[in-house]
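Bear in mind these aren't lab numbers, they're just calculated from the coordinates by the rules spelled out. Predicted, not measured: the structure shown is a model, and the values here were computed from it. Note that we place each Cβ from the backbone using ideal geometry, even for glycine, and neighbour counts take in every protein chain shown.
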Amino acid sequence: MTQAISISGVTKTFGAKVAVRDLDLEVPLGRTTAFLGPNGAGKTTTIRMIMSIIFPDRGRIKVLGRASAVESKDRIGYLPEERGVYRKMRVASFLEYMARLKGVPRRGLKGRVGQWLDRVALTSVARKKCQELSKGMQQKVQFVAAVIHEPDLIILDEPFSGLDPVNARLMRQLFHELRGQGRTLIFSTHVMQHAEELCDHVVMINRGRKVLDDSLAGIRERFDPRALEVEGVEGVPSRELAERLRKLPGVGSAEAASGHVRVRWSGAGSRQVMAEIVGAEAVRRVEIARPKLEDIFIDTVIREGGMDHDGADLSRLRASLQDEGGTPEGAEAVEVRRG
Amino acid sequence: MDKTLLVAWREFTSTVGTRGFFIGVVIFPLIMVVGFALVPALITNQPPPVRGRVAVIDPTGRLAGEIERGILERAAESGGPEGAIARAQQLASGVQGNGATAGQALEIAQGVVAGASAPELRVEVLPDDTDVETVKAELYATKADASRAMLAVVQLDPNALTADADGQYGAYRVYVRAKLDARIDRQVIRPAVNRAITDARQRDIGLDPERVRKLTAVVAPQAQVVTAGGERDSSGAAQILLPLGMLMLLWIASFTGGQYLLTTTIEEKSNRVMEVLLSSVSPLQLMVGKIVGQMGVGLLVLTLYGAMGVVGLVSFSLGDELSTSELGLLLAYFLIAYFLIASMMAAVGSAVSEVHEAQSLIGPIMLVVMLPMIFSTAIITNPNGTLAAVASFVPPFSPFVMVLRVGAAEPVPGWQVAGSIAVGLASVCVASWAAAKVFRIGVLMYGKPPNFWTLLRWVRMA
């Protein structure tokens, strides 16, 4: 058995709405996969089907080699997006209960709970009732509940939402640890930095369809913008800089973006163009532009959306994001805006 | 199975371990004891103190004095200031012999008691030719002074003391003001008038009313129940209270568990702990575990209160009113009633997101299950009647009706007991099957609370 999850031809509809359409997905053991997609894309539905909480209308799902997660529930750790705790239960009792439900033997359980609480810096609240905890603390408790039985497969729906930077870092550390132990991790997120930092593989779905399923390296290769980012020194407007850069040999196009100029080369290689730029202009930074998952994400959503009726809305969204200057730009997105 | 028991154990301990449960379990019997012991003492059957006037029109001309005395005597028993006045009047008739007028004596006596405003009841004897309609009009006239208000008008028939050719005597009519306490009419005025009439009739044919009363009175004996354990007074009350007590017990036990099941299910949903649970256990395991856990809670309540009831019966040496087989049947019907209610509660609890949303779905269920309570008197007095027999086989009523019948004095035919249990088991199977279907879909549904038809649709869905 090399596949942790194997999904083929899965479709799930709720009334008239198709939540997941003809989804095929293979997740090998030991891989860390980021599961991306806009709100309502079908991520949670897919995860719930993997967990056998709901069942597909069509198609087949195998989890850890078994016909369904029902048979391997004890080997799966799950942190749902809609997560909660028993408010009146004490933290340690809650974790013991969750662990016992996952088949962890009673012997040594208290010690294990203690270790985990120590690991997430919650030892002091072990005897407190869950309702007395802050939201971030509760989330750490929920995370412990998802991994306390040392599962082979861990599925985390939005594990970072609602965490402050300190706890988010702790969570990333725990993530790296679990990865290092060779466990299979799947997590959904809207924070692209987390995906870029933590995963080997990216699966993106939109409108119930898989639109991307590739390793991080493969994606960087595939979506290489083949452009340079040039940041001028203080006091030189990007517009002016772009004007001047355009005249340099080997430069195909140069466009001002927020805070930098995006340069595409023609004919000659990137190294030569970089040398030309550094020779001609005083610049703070010249680098080969990297594809950002965020750009890929938004571009994909817009492209997909463009085929449907509400694509225009997404374009507008994209445009408004650019106006705010809060999002890095992608060449393709600019083209979409022009179109 | 293991996980189901884990769920059940948590459900039981987390319910029983709460302060609310402890208080509820202890407080409730206290309220019952206080209710049984104190309330009868507080409720008196005595007519309230009376203020106002009663008019008597007496064409026979012989009864007015007797009626007046009778009314005032009886009013005196109700203990108000007018009681004192009545006593003063008795005193007045006593002193008559000593030469003083009754009126003078009355004035003296009234002076004795008239500390404050001294509300009073006065009986006015009106002449024969009084226009009844005018007097009656006073019954609805408003008076600023309450003690001047006309309360009742007694009009005697002219032939009240003389039989006609067929041996029939005349009678009298009573007209009363609206909202007059019925006890004043029934326990003060009418007995006084009746006594005056019958006494006069007896005297007319040469009988001594006092002797007639003694001759016709027989002190009723108390029946003795003879059992192997000895003899004791029979208690008709026990025969009514026992089935009612068993019904109450069944009710409280099954609804305590059911109510907790509803709230914990809704809580798990609104806390969003549901999905975490469902990643460890199947919806069926969860539902069965919760139902079993709350069954433990119901059983605990049943045992606690049942034991208290048995101790109570034994301490009144009425232990023989209850047999082991009745207790066994009570347990059996508890299980049937509980599983029926629990199935409905689990289904409703899983389908809604907030407690208040459950009310509209639970309301009809409660109404249906309340019906046996409403018909309990009819069933106890006629435990093998058609109503009782038929209701014993109608699922939601069956356990409640059967408990009443089993507790009642008349034995229930064995086939009906067996039949009702069979119907009960079958209905439990259907209800829990339907509940499991609703539960599976409901637990992850949020948003608009479903109505009854939506639930039915979920049951029909695969």
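Quick one: if the Förster radius is 51 Å, what FRET efficiency do B:Arg272 and A:Ala275 give, using the C-beta to C-beta distance and rounding to 0.05? Numbers along the way, then the final one.
On the way: r = 58 Å, r/R0 = 1.13.
Given R0 = 51 Å and the Cβ-Cβ separation, E is 0.35.
Output the antiparallel fraction of DSSP beta bridges having both residues in the protein assembly as shown, as a percent to the nearest 5.
On the way: 44 of 72 bridges.
Beta bridges within the protein assembly as shown, antiparallel portion: roughly 60 percent.
Determine the shape class of the range A:1-91: with a ≥ b ≥ c the square roots of the Cα gyration tensor eigenvalues, call it rounded for a/c under 1.5, and otherwise prolate if a/b is greater than b/c, oblate otherwise. All intermediate terms of the calculation are to be shown ahead of the outcome.
Details: a/c = 1.70, a/b = 1.18, b/c = 1.45.
Since a/c reaches 1.5 but b/c is at least a/b, the shape of the range A:1-91 is classed as oblate.
Between the alpha-carbon centers of the range B:14-35 and the range A:53-126, tell me the distance in whole angstrom.
Value for the Cα centre distance between the two parts: 35 Å.
In what sequence do B:Ser343, B:Ser315, A:Ser161 fall when counting other Cβ within 10 Å, fewest first?
On the way: B:Ser343 26, B:Ser315 9, A:Ser161 13.
Ascending number of Cβ neighbours within 10 Å: B:Ser315, A:Ser161, B:Ser343.
Quick one: among A:Leu79, A:Leu29, A:Leu101, which has the greatest mean-square fluctuation in a GNM of chain A with alpha-carbon springs under 10 angstrom?
A:Leu101
Just tell me how shielded B:280-286 is by partners: mean number of partner chain Cβ atoms within 10 Å of each residue's Cβ, no decimals. Kindly include the intermediate steps, with their values, before the conclusion.
Numbers: counts 15, 4, 4, 1, 0, 1, 1.
Taking the mean over all residues of the peptide, I get 4.
With helices defined as uninterrupted DSSP H runs, which ones in chain B have an alpha carbon span along their own long axis of at least 27 Å and mean Kyte-Doolittle hydropathy of at least 1.0? Write down the numbers at each step before the final one.
On the way: long enough: B:19-42 (32 Å, 2.24); B:236-270 (51 Å, 0.81); B:283-315 (47 Å, 1.51); B:324-351 (40 Å, 1.65); B:414-442 (41 Å, 1.17).
Length and hydropathy pass: B:19-42, B:283-315, B:324-351, B:414-442.
Taking the simple approach of a point 7 Å from Cα along Cα-to-Cβ for both A:Val233 and B:Val34, what is their distance in nm?
Roughly 8.9 nm, to one decimal.
Under 1.5 on a/c is rounded, so check that first for chain A, then, if it is not, pick prolate when a/b is larger than b/c and oblate when it is not; a ≥ b ≥ c are the square roots of the alpha carbon gyration tensor eigenvalues.
On the way: a/c = 2.41, a/b = 1.79, b/c = 1.35.
Prolate shape, in that a/c is at least 1.5 and a/b is the bigger ratio.
Between B:Arg457 and B:Leu371, with labels modelled 7 Å along Cα→Cβ, what's the label distance in nm to one decimal, could you check?
Label-label distance for B:Arg457 and B:Leu371, simple model: 2.8 nm.
Could you give the dipole magnitude of the protein assembly as shown about its Cα centre, charging the beta-carbon of Lys and Arg +1 and that of Asp and Glu -1, in debye to the nearest 20? Please report the intermediate quantities before stating the final value.
On the way: 89 positive and 82 negative charges, 523 e Å.
Rounded to the nearest 20 debye, it is 2520 debye.
Among B:282-290, B:318-326, how do they line up by average Cβ neighbours within 10 Å per residue, starting with the highest?
Numbers: B:282-290: 22.1, B:318-326: 14.6.
Output ranking for B:282-290, B:318-326: B:282-290, B:318-326.
Partner chain Cβ atoms within 10 Å, averaged over the residues of A:83-96 - can you pull that number for me? Walk me through the numbers on the way to the answer.
Working: counts 6, 11, 4, 9, 4, 5, 3, 0, 0, 0, 3, 2, 0, 0.
If you average over the peptide's residues, the count of other-chain Cβ atoms is 3.
If I take R0 = 35 Å and measure r between the Cβ atoms of B:Ala178 and B:Ala378 in this structure, what FRET efficiency does the formula 1/(1 + (r/R0)^6) give, to the nearest 0.05? It would help to have the intermediate numbers written out before the result.
Details: r = 32 Å, r/R0 = 0.92.
Plugging the Cβ-Cβ distance into 1/(1 + (r/R0)^6) gives 0.60.
Between B:Phe393 and B:Ser325, how high is the FRET efficiency from 1/(1 + (r/R0)^6) when r is the Cβ-Cβ distance and R₀ = 25 Å? Nearest 0.05. Please report the intermediate quantities before stating the final value.
Details: r = 20 Å, r/R0 = 0.82.
Calculated value: 0.75.
When only Cα pairs under 8 Å and 6 or more residues apart are kept, what is the percent relative contact order across chain B? Walk me through the numbers before you get to the answer.
Values: 574 pairs, mean separation 75.4, N = 462.
Relative contact order for chain B comes out at 16 percent.
Identify, among B:Thr15, B:Pro399, A:Ser52, the residue whose Cα sits farthest towards the positive end of the charge dipole of the protein assembly as shown, taking +1 on the Cβ of Lys and Arg and -1 on the Cβ of Asp and Glu, with the dipole about the Cα centre.
A:Ser52
Of A:Ile302, A:Gln3, A:Gly267, whose Cα points farthest to the positive end of the dipole of chain A (charges on the beta-carbon: +1 Lys, Arg; -1 Asp, Glu; origin at the Cα centre)?
Ranked along the dipole, the leading option is A:Gln3.
On alpha-carbon atoms, Rg over Rh for chain B using Kirkwood Rh? Could you put the intermediate results ahead of the total?
On the way: Rg = 32.6 Å, Rh = 27.9 Å.
Taking Rh as the inverse mean 1/r over Cα pairs, Rg/Rh reads 1.17.
For chain B, with only Lys/Arg (+1) and Asp/Glu (-1) charged at the beta-carbon, what is the dipole magnitude about the Cα centre, in debye rounded to 20? Let's see the in-between values first.
On the way: 35 positive and 37 negative charges, 323 e Å.
For chain B, the charge dipole is close to 1560 debye.
Under a point-charge model restricted to the Cβ atoms of Lys and Arg (+1) and Asp and Glu (-1), what is the dipole moment magnitude of the range A:3-221 relative to its Cα centre, in debye to the nearest 20? Write out the running numbers ahead of the final one.
Numbers: 36 positive and 23 negative charges, 211 e Å.
Around 1020 debye, computed over the range A:3-221.
Please enumerate, by chain and number, the lysines with C-alpha under 23 Å from the C-alpha of A:Lys88, excluding those fewer than 8 residues away in the same chain.
Cα-Cα hits under 23 Å: A:Lys102, A:Lys110, A:Lys128, A:Lys129, A:Lys135, A:Lys140, B:Lys3, B:Lys269, B:Lys290.
At 7 Å along the Cα-to-beta-carbon direction for both A:Ala282 and A:Ser215, put a label point, then send me their distance in nm to one decimal.
That separation, rounded to one decimal, is 4.4 nm.
Provide, as a two-decimal number, the C-alpha radius of gyration of the protein assembly as shown over 2.2 N^0.38 Å, N being how many residues it has.
On the way: Rg = 43.9 Å, N = 801, 2.2 N^0.38 = 27.9 Å.
Rg over 2.2 N^0.38 Å, computed on Cα atoms: 1.57.
Which residue, B:Ala431, B:Ile71, B:Gly52, has the largest displacement toward the positive end of the dipole of the protein assembly as shown when charges sit on each Cβ (Lys, Arg +1; Asp, Glu -1)?
Value: B:Ala431.
In deg cm²/dmol, rounded to 500, what helix-only [θ] at 222 nm does chain B give when every DSSP H run of at least 4 residues adds -39500 (n - 2.57) and the total is split over its residues? It would help to have the intermediate numbers written out before the result.
Working: 18 runs with 290 residues, N = 462.
Helices in chain B give a 222 nm mean residue ellipticity of -21000 deg cm²/dmol.
Distance between Cα centroids, the range B:394-446 to the range A:218-284: provide it in whole Å.
80 Å
With a ≥ b ≥ c the root eigenvalues of the C-alpha gyration tensor of the range A:226-288, is it rounded (a/c under 1.5), prolate (a/b larger than b/c) or oblate? Numbers along the way, then the final one.
Details: a/c = 1.63, a/b = 1.50, b/c = 1.09.
Prolate, because a/c is 1.5 or more and a/b exceeds b/c.
Given 10 Å bins starting at zero, what is the percent of C-alpha pairs of the range B:236-460 in each, up to the one with the largest pair distance?
8, 33, 32, 18, 8, 1
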